[in-house]
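Colleague: Have a look at the structure that comes next, please.
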Amino acid sequence: MVLAGREVVVLEAEPEIGMHTSSRNSEVIHAGIYYGEGTLKARLCVRGKEMLYDYCATHHVPFNRLGKLSVATGKAEIRQLEALRAKAARNGVADLRMLGREEARSLEPHVTCDAALLSPSTGIVDSHALMLALQGEIEAHGSVVLTRSRVADIKVIADGFELGLAEGTDRFACTTLINAGGLFAGDVAGIIEGYPGDSSPEVHYAIGHYFAYQGKSPFRHLVYPVPVDGGLGIHATCDMGGSLRFGPDVEWIDNIDYNFDASRRSRFAEAVRRYYPDIDEARLVPAYTGIRPKLSRPGEPPRDFLIQDESAHGVTGLVNLFGIESPGLTAALAIGEYVGARLSG
């Protein structure tokens, strides 16, 4: 990470940092398998993965490069895995390996499949520890993170921007404004006076449920099915303590609502049973939900990250980040590097 000599103020609307997409996810460090060649998702995932592993190692953030099996049943799904391997190679991910049924079973005896794609560079990270490390680094260099600071209005002034908060009379002036509002990035863009409304994309929400699996995990790796519309399928991941969870599913919603629908348990068990036949439905317990900001509609191909600078909207000093869903956690440091480069020209 490079220091740019800027004085930085981070305005966080919530009582704590990372209460939405940054913490309500699978905590997976992705390899860069799923994204179209040349897209920001592909480029920033591959770059961000290495940056993130290096950052975790040097800043004492817990992580585990434990690897992932993407599993296929039937010829059609095997062809999907082969296509994923080819796509990953075009993205610069050259360490994937196709496994037959027996070799996959030797790595994961409880998994049933006809073939699998092994990704040794996939891992997991403690997302909360990562965010605290980043906050600590911000503050150690003389900048600040202000929670409970919801922005109510933004005016474009002669040499930058003036921001007012929803509570209190304090106003902030800055020469550069980075809108990294996550689920609310569209709302933030909408209150910037002088920002052209037709530059803001339509954002859609997809909620995903995660069920924890009580007892000892049967897996040593992450286990993924082939991708589905809107997501990567109900996969098996674990936290740094080794506890297993399954998720997320995909449901398109109109409003941000984290309520958990426990009636989905049987559907989860049915989906997981395709690759883990011995799953005990009674051991599935509700864990949490997460919501992804999507730029595509249901049934449409996934869209790339949208990172807008002045060349897109005409407002000097403004950068908007829209649709930062998966692999946003993996790509986080590379996204910061990318935005910094755009600001420096």
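Colleague: Looking only at the stretch 59-74, decide whether some residue is open to solvent by 30 Å² or more (accessible area, probe 1.4 Å), closer than 19 Å to residue 233 by Cβ and modelled with pLDDT under 95.
Modeller: yes
Colleague: I'm trying to understand the selection: among the residues of the stretch 292-331, which are closer than 16 Å to residue 8 by Cβ and not in a loop (DSSP other than H, G, I, E, B)? Walk me through it before giving the result.
Modeller: First, the residues of the stretch 292-331 that are closer than 16 Å to residue 8 by Cβ: 317-319, 321.
318, 319, 321, listed by residue number.
Colleague: Quick one: residue 105 ticks every box in (1) of a type in the set (D, E, K, R); (2) surrounded by 14 or more Cβ atoms within 10 Å (Cβ to Cβ); (3) in contact (Cβ under 8 Å) with a residue 24 or more places away in the chain except a single one, so which number is it?
Modeller: Just one mismatch for residue 105, condition (3).
Colleague: Right, another one. Kindly list the number of the only condition in (1) within 30 Å of residue 44 (Cα to Cα); (2) assigned to a strand (DSSP E or B); (3) out of contact with any Gly (no Cβ under 8 Å at 6 or more places or on another chain) that fails for residue 118.
Modeller: All conditions pass for residue 118, except number (3).
Colleague: Here are 310, 300, 337, 270: which of them is free of Cβ contacts under 8 Å to residues at least 12 places away in the same chain and closer than 30 Å to residue 158 by Cα? So that I can check it myself, show each step before the final result.
Modeller: On the way: 300 fails: closer than 30 Å to residue 158 by Cα; 337 fails: free of Cβ contacts under 8 Å to residues at least 12 places away in the same chain; 270 fails: closer than 30 Å to residue 158 by Cα.
Among 310, 300, 337, 270, only 310 is free of Cβ contacts under 8 Å to residues at least 12 places away in the same chain and closer than 30 Å to residue 158 by Cα.
Colleague: Let me spell it out: the conditions are (1) open to solvent by 40 Å² or more (accessible area, probe 1.4 Å); (2) touching a helix residue (DSSP H, G or I) at 6+ places or on another chain (Cβ under 7 Å), and residue 133 meets all of them except one. Which number is the exception?
Modeller: Among (1) open to solvent by 40 Å² or more (accessible area, probe 1.4 Å); (2) touching a helix residue (DSSP H, G or I) at 6+ places or on another chain (Cβ under 7 Å), residue 133 violates only (1).
Colleague: Examine the stretch 207-216 for a residue that is out of contact with any Phe, Trp or Tyr (no Cβ under 8 Å at 6 or more places or on another chain), part of a strand (DSSP E or B) and closer than 29 Å to residue 75 by Cβ, and state whether such a residue exists.
Modeller: Yes, that holds for at least one residue.
Colleague: For residue 146, all conditions in the list (1) in contact (Cβ under 8 Å) with a residue 24 or more places away in the chain; (2) surrounded by 14 or more Cβ atoms within 10 Å (Cβ to Cβ) hold save one; what is the number of the exception?
Modeller: Tallying (1) in contact (Cβ under 8 Å) with a residue 24 or more places away in the chain; (2) surrounded by 14 or more Cβ atoms within 10 Å (Cβ to Cβ), residue 146 fails exactly one: (2).
Colleague: Another question, if that's okay. Scan the stretch 121-148 for residues that are outside any helix (DSSP H, G or I), under 21 Å from residue 13 (Cβ atoms) and of a type outside the set (Ser, Thr, Tyr) and report the count. Spell out how you get there, then give the answer.
Modeller: First pass over the stretch 121-148, keeping only residues outside any helix (DSSP H, G or I): 121-126, 141-148.
Those still in the list that are under 21 Å from residue 13 (Cβ atoms) too: 143-148.
Right, trim to of a type outside the set (Ser, Thr, Tyr) and you get 144-146, 148.
Count: 4.
The values are calculated or read from the model by the stated rules, or taken from the named source; none is laboratory data. Quick caveat: nothing in here was measured; it's all calculated off a predicted structure. Positions of Cβ are generated from backbone atoms using ideal geometry, with glycine treated the same way; all protein chains shown enter the neighbour counts. Heavy atoms of the whole protein, side chains included, go into the accessibility calculation; ligands, DNA and RNA do not. Shrake-Rupley method; radii C 1.70, N 1.55, O 1.52, S 1.80 Å.
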